[in-house]
Amino acid sequence: MPFLSLKFNLQKRVKLAQGLWMLYWLAVIVGIILFSLGIFFKIELRKRSEIMDNNESHLVPNLLILVGMLSCGLNAFGGKLCHDSLDPQKFSKMKPMLRPYMLLCCGFNALLLLLVLLCFLMQFAVYLTLAEGLKNAIRFYKDTDTPGRCFMKRTLDMTQIEFRCCGNNNFRDWFEVQWISNRYLDMSNDVVKDRVLSNVEGKYLMDSVPFSCCNPGSPRPCIQHHLTNNSAHYDYDHRTEELNIWNRGCRQAVFSYYSGIMNSIGALLIFTMVLEAGDMAGLKYLSTALETMADPENPECESEGWLLEKGFKETLADLLSKVKTFGRANQVEEGGASPDVAAT
Amino acid sequence: MALLKMKFSQQRRVRLAQGLWLLSWLAVMCGAFIFCLGVYLKIELLRRDEVMENTEIHVVPNLLMMVGLASIGANWVASRVCQDSLDASRFPRWKVLLLGWYAVALLLCCLLLAVVVLSYALQGRLEESLKVGLRNGIRFYKDTDVPGRCFQKETIDRLQMEFRCCGNNNFKDWFEVQWVSNRYLDFTSQEVKDRMRSNVDGRYLLDGVPFSCCNPASPRPCLQNQLTDSRAHYNYEYQSEELNLYSRGCRQALTDYYMGLMNSTGPGVLSVILIQMAVVMRYLQTAVEGAMALESPEGESEGYILEKDVKATYADVKAKALDLLKFAQVDPASEAAGAEEGEKADEATEKAATTAA
């Protein structure tokens with residue numbers, strides 16, 4: 001009893017082939033979109049690799065690029081299969097390639113599933129890399145004369161301006177590091193000497209933030225220095241002041257940006273999986289309908305198409321027994337040996 | 001003697017039609033591109049509406065959008081003409097429209113040329129408009145509590161950060177206005193009182209700039225205040241410091257940006273394509289008409305640009321135009337000549353009658 005079988009006459013077969021052809025080309029376009037998304041994601045990761053300590057994982061975009069290319073190739077081949085399927089000569093040439101092609105598509109679907117899981121799980125890795133990277137970026141903000149870190153200041157400033165954020169968790173992270181290089185500090189000044197001596201490590205710490213933390217939407221010109229000192233500025237209370245500098249931390253801001261990208265990629269991958277499954281089902285119907293034609297010379301005859309040759313449970317049982325015999329291929333069978341011995 | 005005559009066999013006519021069909025679809029794409037360019041330019045101009053004083057420059061994107069749409073329509077018609085040109089039954093209905101098509105193509109070419117000329121000619125007006133708009137923006141920077149100007153500060157700050165510029169001509173424009181609101185000035189402080197009294201208008205002027213002028217690429221944390229005082233900051237030399245703030249003025253930055261958008265090659269390319277299409281279309285039209293007049297439609301025919309040479313065509317057109325003007329007038333000389341001719345014809349018939357009889 002075939003699983004989910006349908007009857008097909010010539011018109012239905014032709015319609016199925018045409019519809020399937022369009023679906024395959026839609027899948028090719030989706031493959032192209034996946035490929036370009038992979039490239040876009042890779043570029044975005046590279047752009048901000050400085051605030052991620054240069055050790056962010058490029059696994060997801062690389063796999064996405066591979067999946068995009070594979071999808072284009074496989075689905076273009078599938079489209080060609082559909083195009084040739086209604087011509088009996090070409091179809092008989094294509095028949096031996098059908099089974100390996102269906103297996104390849106199954107494998108491809110499994111790869112898509114793996115990639116969906118990766119998209120959602122790698123977000124944790126991105127979060128952790130960002131936390132570590134931003135901490136180091138804030139520490140190395142002042143090292144504009146150290147080779148390898150000259151552009152950290154510019155990168156971090158541009159990030160804070162673009163993502164409208166300040167510091168790692170919030171702006172107080174800037175109070176804990178020295179972000180002004182010693183080159184620009186007048187060490188003979190008493191104020192400077194007091195500050196440097198006031199902490200164990202001899203760092204020049206202040207309750208100030210860089211200009212990139214400023215919020216342009218504030219009605220007041222930006223207050224960057226002496227942030228916790230209410231008397232340093234007229235009509236200023238640091239507890240109630242909200243608009244002066246950005247309140248959000250950059251880790252949260254940048255992470256939600258990347259998380260948005262990864263979630264949309266995951267959603268598109270799920271759509272691709274559904275599309276591929278649909279394509280495979282359609283191809284199975286088309287190929288079985290063409291194979292079971294009672295009279296191959298007469299294209300007008302009716303035929304039956306199905307998804308599985310036997311019922312669902314029977315196919316599973318078949319598969320399991322195949323897997324078992326595959327495992328036992330090298331084992332010597334004791335039951336088989338003893339009748340031989342008894343015979344001799 | 002036709003102008004630039006060429007012979008066309010059936011195959012060459014087919015090639016001509018196909019080539020023109022491809023060219024017309026290319027022109028449709030170009031027209032769509034010009035339309036999108038016009039829309040984008042208009043959106044960008046509207047976004048920076050607040051720092052522009054007048055909207056004269058909007059004529060350029062408006063023209064671009066119109067020309068883009070018109071060229072899409074005209075070139076679609078051209079592609080239909082090509083498709084029908086090799087079918088003798090369907091071509092005649094397009095014959096009437098073709099003269100109109102040539103006129104439209106010529107008009108579009110002229111408009112595109114006008115756009116290119118205008119975009120250069122209006123550069124001065126754009127700069128003037130930006131100068132006044134930015135000056136007002138800088139003056140009203142502090143008025144974040146005045147309705148209608150609350151967002152000037154945010155607009156100017158975002159503009160300076162995005163275009164990497166400071167002030168109108170340069171950062172010194174900020175020294176001449178009070179950009180800190182009185183709400184945030186402590187009038188009991190001696191320093192504030194001194195500054196207010198130091199100038200005629202009683203404004204709080206300082207040699208400082210807002211934070212949005214800061215250049216992130218500077219190796220040093222940004223110095224915003226006491227910029228002209230080299231002793232106020234350690235290891236700071238006012239004359240030689242280049243990277244601390246943006247050195248470009250916003251007027252220059254915005255003008256460069258808009259001129260770059262307007263001078264893109266789109267209009268030039270489209271006008272070239274239109275001219276080429278007009279020439280090829282004329283050849284196709286004349287060749288097909290010649291073929292239809294032949295006994296065997298598959299044979300060779302001639303294609304040309306003008307039926308007679310330039311002088312003869314001009315004389316023809318002039319005569320036609322004069323005819324059209326004289327249409328309503330009664331011509332006494334021709335009437336008398338007509339009467340004479342009529343008499344002569346009568347005499348001749350009488351003579352013939354008498355001799356016959």
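Selection of the stretch A:76-110 for residues being surrounded by 14 or more Cβ atoms within 10 Å (Cβ to Cβ) and within 17 Å of A:I270 (Cβ to Cβ) yields A:C105, A:F108, A:N109.
Taking (1) part of a helix (DSSP H, G or I); (2) within 13 Å of chain A (Cβ to nearest Cβ) in turn, B:C150 satisfies each apart from (1).
For residues that are of a type in the set (V, I, T) and within 18 Å of A:Y184 (Cα to Cα), scanning just the stretch A:125-154, find the one that is farthest from the other protein chains (Cβ to nearest Cβ). Filtering first and then ranking leaves A:I138. Could you tell me which residue of the stretch A:155-180 is least open to solvent (accessible area, probe 1.4 Å), considering only residues that are among the hydrophobic types (A, V, I, L, M, F, W, C), more than 12 Å from every other protein chain (Cβ to nearest Cβ) and under 17 Å from A:L205 (Cβ atoms)? Per the stated criteria, the residue is A:C166. For the stretch B:130-147, residues that are more than 19 Å from B:Q252 (Cα to Cα) and either facing chain A (nearest Cβ under 10 Å) or not in a loop (DSSP other than H, G, I, E, B) (or both) total 5.
Return only the number of the condition from (1) of a type outside the set (A, V, I, L, M); (2) surrounded by 17 or more Cβ atoms within 10 Å (Cβ to Cβ); (3) in contact (Cβ under 8 Å) with a residue 60 or more places away in the chain; (4) under 30 Å from B:N263 (Cβ atoms) that B:Y102 does not satisfy. Only one criterion in (1) of a type outside the set (A, V, I, L, M); (2) surrounded by 17 or more Cβ atoms within 10 Å (Cβ to Cβ); (3) in contact (Cβ under 8 Å) with a residue 60 or more places away in the chain; (4) under 30 Å from B:N263 (Cβ atoms) is unmet by B:Y102, namely (2). The residues of the stretch B:307-342 that are open to solvent by 90 Å² or more (accessible area, probe 1.4 Å) and modelled with pLDDT under 55, listed by number, are B:E335, B:E340, B:E341.
A single entry from B:D316, B:D229, B:D323, B:D256 fulfils the requirement of being free of Cβ contacts under 8 Å to residues at least 60 places away in the same chain and in a loop (DSSP other than H, G, I, E, B): B:D229.
Please pick out the residue among A:A277, A:A232, A:A281 that is touching a residue at least 40 places away in the same chain (Cβ under 8 Å), over 30 Å from A:L128 (Cα atoms) and either under 34 Å from the mean Cα position of the chain (by Cα) or loosely packed, with under 15 Cβ neighbours inside 10 Å (or both).
Details: A:A232 fails: touching a residue at least 40 places away in the same chain (Cβ under 8 Å); A:A281 fails: touching a residue at least 40 places away in the same chain (Cβ under 8 Å).
So the residue among A:A277, A:A232, A:A281 that is touching a residue at least 40 places away in the same chain (Cβ under 8 Å), over 30 Å from A:L128 (Cα atoms) and either under 34 Å from the mean Cα position of the chain (by Cα) or loosely packed, with under 15 Cβ neighbours inside 10 Å (or both) is A:A277.
Once the stretch B:210-262 is narrowed to residues that are more than 30 Å from B:C36 (Cβ to Cβ) and among the aromatic types (F, W, Y), the residue that is most open to solvent (accessible area, probe 1.4 Å) is B:Y234. Please go through the stretch A:181-226 and pick out each residue that is more than 7 Å from chain B (Cβ to nearest Cβ), under 16 Å from A:D157 (Cβ atoms) and of a type in the set (A, V, I, L, M, F, W, C). A:V209, A:C213, listed by residue number.
The values are calculated or read from the model by the stated rules, or taken from the named source; none is laboratory data. In this text, all values refer to a predicted model and were calculated from it rather than measured experimentally. Every residue, glycine as well, gets a Cβ built from its backbone with ideal geometry; the counts of neighbours run over all protein chains shown. These accessible areas exclude ligands, DNA and RNA; they are computed on the full protein's heavy atoms, side chains included. Shrake-Rupley method; radii C 1.70, N 1.55, O 1.52, S 1.80 Å.
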